[in-house]
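In what follows, a structure is listed as structure tokens, so that the remarks can point back to it.
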Amino acid sequence: MQDKPFLSPNDIASELAVSTSTVLRLIHEQRLPAIRVSERIYRIPVAAFEKYKAGALESPSPARVSAEVKKRPRIGAGERLPEAAEPIARVRSA
């Protein structure tokens, strides 16, 4: 990796064994420094990535579930289920 001055989010994702979406989230949260080349293209300086790997920058945390989401009731929680109907008698054909 030292032969290039900049890395793509895909390069970082494969190095960290995470998805490209995770790397982009780190960039958007400003936890991983990056240069915006165009509207949808980012490049990460190798020096910034080395600092990130060394722990000088904040490392990725496991997936977070906000307290607000935890408090939400489950879909259908507290609803009554319909009463079971009488089984339909099968008619035998002769």
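What percentages, rounded to whole numbers, describe P(r) for region 6-57 computed over all alpha carbon pairs with 5 Å bin width beginning at zero?
Values per bin, smallest distances first: 5, 23, 36, 29, 6, 1.
Students often check this: by mean Cβ neighbours within 10 Å, which of 21-27, 34-40 ranks highest, and how do the rest follow?
Packing proxy ranking, top to bottom: 21-27, 34-40.
What nm distance separates the two modelled labels at Arg31 and Ala84, each placed 7 Å from Cα along Cα→Cβ?
Result for the modelled spin labels: 4.9 nm.
Every number here is computed from the coordinates shown, using simple stated rules; none is lab data. Small disclaimer: the values here were computed from a predicted structure and weren't measured. No Cβ is skipped: glycine too gets one built from the backbone with ideal geometry, and neighbour counts run over all protein chains shown.
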